[in-house]
Amino acid sequence: MLNRPSFLAPERRIRIGRSGESRPVTAGRSRVFLTSGSTRVPMSIVQAVGFDLLVSGTADWYSGQRVKVGLISSIPMVELKIPGRVHWQEQKHSEAEFGIVLDDSLPEEFVVREPGCERSSLRFSTHIDGTLHWLEPHAVSSSAIVVNYSRQGVCLKSSAAPKIGTEMRFAWKKDGVETSITGVTRWMIGQDVGSLTGVELTNALGYAIAGVTVNPARTSLLSPQRCFRETQ
């Protein structure tokens, strides 16, 4: 289930300190190797939990690119490889950050969280303009912007929003082709310039907003776990 704190601000909370500024990449971060074809690049792990991996480094990956993630186990010389796809990127000074959705969820040994954060997935900032549609009880449409997304859903900013529990559809155009996602509103917070609405998706995972479709059926390589439940 989506929890309100995960969507309270349009900006991504990953790597945000008390001062509100991004923390620099440190040498003490765990290393991971990303491979695509004959290219193998070492990266630093920023956060890693569930099916989500956020890494930082110097590379030229693109959204939708298939990669293999190499994680070094505590057992010497053992490397666990998990396939995944790049779905998000952002330039950070001389390095870039990349969001990767994995085909299998991470074993607990490789989980890296921000202090005090118990979320089972990461969220990523974005800006997708589109239209929100719902029935309440008649047809209503409102312009809206997706300001961030996670595996379970999206956060929308709009001047009007459906009531909690309402089924809705968000449609947008990419390269002239209309795409849409459907879901159920789980919370809403009013603002002077509109409202923020948390939506749990029902027809896709949140990566769809970035144009990446993944199979939701697989779970941890080492131990079964439910992959859609947010920490309460």
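The values are calculated or read from the model by the stated rules, or taken from the named source; none is laboratory data. What you see is a predicted model, and the numbers here were worked out from it, not measured in a lab. Here the Cβ is made from the backbone with ideal geometry for all residues, glycine too, and neighbour counts use every protein chain on show.
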Review point. Does the range 63-101 hold any residues that are touching a helix residue (DSSP H, G or I) at 6+ places or on another chain (Cβ under 9 Å), loosely packed, with under 14 Cβ neighbours inside 10 Å and under 15 Å from Ile45 (Cβ atoms), and which are they?
Key: Ser73, Ser74
Exercise for review: Looking only at the range 111-132, decide whether some residue is surrounded by 15 or more Cβ atoms within 10 Å (Cβ to Cβ) and farther than 30 Å from Ile164 by Cβ.
Suggested key: yes
Review point. Out of Ser120, Ser150, Ser180, Ser125, which single residue is modelled with pLDDT under 95 and of a type outside the set (A, V, I, L, M, F, W, C)?
Key: Ser120
Practice item. Specify which of the listed residues (Asp104, Asp60) is surrounded by 13 or more Cβ atoms within 10 Å (Cβ to Cβ) and in a loop (DSSP other than H, G, I, E, B). Key: Asp104
Review point. Pick from the range 181-216 the residues that are without any contact (Cβ under 8 Å) to a residue 40 or more places away in the chain and of a type in the set (Gly, Ala, Ser): which of them is farthest from Trp134 (Cα to Cα)?
Key: Ala208
Review point. Taking the range 65-94 on its own, how many of its residues are more than 18 Å from the chain's Cα centre (by Cα) and part of a loop (DSSP other than H, G, I, E, B)?
Key: 8
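Hey, can you tell me all the residues within the range 2-61 that are β-branched (Val, Ile, Thr) and modelled with pLDDT of 90 or more? Spell out the reasoning first.
Taking the range 2-61 as the starting set, the residues that turn out to be β-branched (Val, Ile, Thr) are 14, 16, 25-26, 32, 35, 39, 41, 45-46, 49, 55, 58.
Residues satisfying the conditions are Val32, Thr35, Thr39, Val41, Ile45, Val46, Val49, Val55, Thr58.
The rows are residues; the columns are (1) in contact with a His (Cβ under 6 Å, 6 or more places away or on another chain); (2) farther than 30 Å from Val111 by Cα; (3) among the charged types (D, E, K, R).
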residue	(1), (2), (3)
Asp129	no, yes, yes
Ser141	yes, yes, no
Pro162	no, yes, no
Arg169	yes, yes, yes
Lys173	no, yes, yes
Glu178	no, yes, yes
Ile189	no, yes, no
Gly194	no, yes, no
Thr197	no, no, no
Review point. Which one of these is free of Cβ contacts under 8 Å to residues at least 24 places away in the same chain and under 22 Å from the mean Cα position of the chain (by Cα): His127, His138?
Key: His127
**Study point:** Lone qualifier among Val69, Val46, Val111 - being over 27 Å from Glu178 (Cα atoms), of a type in the set (Val, Ile, Thr) and without any contact (Cβ under 8 Å) to a residue 40 or more places away in the chain
**Key:** Val69
Practice item. For the range 184-232, enumerate the residues that are aromatic (Phe, Trp, Tyr), farther than 21 Å from Ser142 by Cβ and at pLDDT 90 or above. Key: Tyr207
